[in-house]
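The values are calculated or read from the model by the stated rules, or taken from the named source; none is laboratory data. Treat the numbers as computed from the prediction; the structure is a model and nothing was measured. Counting neighbours? That spans all protein chains shown, and the Cβs are built from the backbone with ideal geometry, glycine included.
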Amino acid sequence: MNPRGLLFPKQLLLTALLGLLPCCLADAADHPLAGATHVIVNKPASGRALGWPANGGLWNWGNEILVMYLDCPYKNNPGFSNHDSDQEHPSARWMTSRSTDGGVTWTEHRVAFPDPRANRTLKPRTLTTPVDFRAPDTIVTFHWDSLQPGARTYFYYSEDRGRTWQGPYDNIPLFDFKAITGRTDYEVTDKHRLTAYMSCTEAADGACVRESSYAIVTEDGGVTWKKGPRISRELPPCGQGHKIEYSAMPSTVRVDARTLVTAFRSGYTPAQGRRMGWIDITCSTDDGQTWRVVNERLMEMPTLNSSPPALSRLPSGRLVCSWGWRLSDNGTAPTAIQARTSDDNGTTWGDTLTLRRDGFDYDIGYCRQAVRPDGKVVTVYYYRTKRDGQSPTYIAATIWNADKPGGQNEKQNTSK
């Protein structure tokens, strides 16, 4: 099993695209990937939109893959950096889709549970019986109830590979944070021990927002939790740096008994001027006790707050990081799903690979991914193409060979 899963105040809207910087153009001058196969995971019902797998999670048991994503009403909201969806509508809910053939076809499109942010009538419970995290069919997912100060993160668990869910449970405290907006990125290390890697807001007021990522640990099956070390880069204190700085939405892999590597959605927003987003990488060589930055700018996205990365490790030891490239060259060129690979645990990375470049606009990405037994990568994301236009977003996947880009294609599934 390979479980993977920003506090942005509402008033902080994305700025209009003012043009591309040279570094942005360098990232866009990527290397097209031959041999990738694109499939549709699920399309929404009439009047609905699907999106944000990085906020839901992805799990796999060999060639069986389960992905979670949000289903909410479609809302036509044209314009750069806008989302064509009403994510806070009371009907918003989390859904799952399953593949049993390595991502080629997808079935079992199920409603998992209502979204706790949108459905304010939900009443979280307190877990009192420990969860056996090592049970072969047990998985866990984390979801927040707000993007405002005071946000809490709840957890759910399933004992049947995501077909039914228990929760939400409110056992995770705020500790000394202003908010915790956890997604599904965790590691099981014992029957009752699980380490979750979460976005945690250290400062949040009108003048300063600082959001880092921390390890949050339970050793008694989810009944109690404790704050672990900061795993992201150190952010400048309020009064220094920019108004908003963050290194959040982690995606973590274990390399060996002592080594872990994590990718982050990072960036800043100044009080005035252009924001900047990027992906950076940290590494721990003492089993998660201390962390250091090994790559500061894996990808840069000027004028945007970046895109959450999905990090995986191949049987060969190669690391694969994917993301949604949400800039569209002043609105004239399509957006893309991209990736880079590393053979030294994230310190250096190969050229940018484009898995596909036919996206309609900014409203794409939020990748999660699985590695199949044959070593191929299944990268899942939300998307719509230039041909789709201003239509509801859906869930799609790309199957590709990261050890040898240009590998054999799978039979494509373009049906709903």
Q: Kindly provide the set of residues from segment 352-385 that are hydroxyl-bearing (Ser, Thr, Tyr), in contact with a strand residue (DSSP E or B) (Cβ under 6 Å, 6 or more places away or on another chain) and surrounded by fewer than 24 Cβ atoms within 10 Å (Cβ to Cβ), ordered by number.
A: Thr352, Thr354, Thr385
Q: Select, from Pro136, Pro149, Pro168, Pro173, the only residue that is within 20 Å of Ile216 (Cα to Cα), modelled with pLDDT of 95 or more and surrounded by fewer than 17 Cβ atoms within 10 Å (Cβ to Cβ).
A: Pro173
Q. Among the listed residues Arg117, Arg98, which satisfies the condition of being in contact with an Asp or Glu (Cβ under 7 Å, 6 or more places away or on another chain), surrounded by 17 or more Cβ atoms within 10 Å (Cβ to Cβ) and assigned to a loop (DSSP other than H, G, I, E, B)?
A. Arg117
Q | Every pair of residues 6+ apart whose Cβ atoms lie under 8 Å, when the first sits in segment 97-111 and is over 14 Å from Pro53 (Cα atoms) while the second is of a type in the set (A, V, I, L, M, F, W, C) and not in a strand (DSSP E or B) | A | Ser99/Trp106
(Q) I'm checking my understanding of the structure. Among residues of segment 57-100 that are of a type outside the set (A, V, I, L, M) and in contact with a helix residue (DSSP H, G or I) (Cβ under 9 Å, 6 or more places away or on another chain), which one is nearest to Thr303 (Cα to Cα)? (A) Tyr69
(Q) Can you tell me which residue is surrounded by the fewest Cβ atoms within 10 Å (Cβ to Cβ) among those in segment 266-282 that are of a type in the set (A, V, I, L, M) and closer than 15 Å to Arg326 by Cα? (A) Met276
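If the requirement is being at pLDDT 95 or above, farther than 28 Å from His109 by Cα and in contact with a Leu (Cβ under 7 Å, 6 or more places away or on another chain), which of these qualifies: Ile180, Ile216?
That would be Ile180, the only listed residue that is at pLDDT 95 or above, farther than 28 Å from His109 by Cα and in contact with a Leu (Cβ under 7 Å, 6 or more places away or on another chain).
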Q. Within segment 312-330, is there a residue that is surrounded by fewer than 23 Cβ atoms within 10 Å (Cβ to Cβ), farther than 28 Å from Ile216 by Cβ and in contact with a Lys or Arg (Cβ under 8 Å, 6 or more places away or on another chain)?
A. no
Q: Only one of these is touching a strand residue (DSSP E or B) at 6+ places or on another chain (Cβ under 9 Å), of a type outside the set (Gly, Ala, Ser) and farther than 26 Å from Arg368 by Cβ: Pro136, Pro237, Pro229. Name it.
A: Pro237
Q: Check Asp256, Asp205 and return the single one that is under 25 Å from Ser322 (Cα atoms) and either touching a Lys or Arg at 6+ places or on another chain (Cβ under 6 Å) or surrounded by fewer than 22 Cβ atoms within 10 Å (Cβ to Cβ) (or both).
A: Asp256
Q: For residues that are touching a Leu at 6+ places or on another chain (Cβ under 9 Å), polar (S, T, N, Q) and over 11 Å from Ser322 (Cα atoms), tally how many sit in segment 348-383.
A: 0
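Going by the conditions given, is Ala196 surrounded by fewer than 19 Cβ atoms within 10 Å (Cβ to Cβ), small (Gly, Ala, Ser) and closer than 30 Å to Glu245 by Cβ?
no
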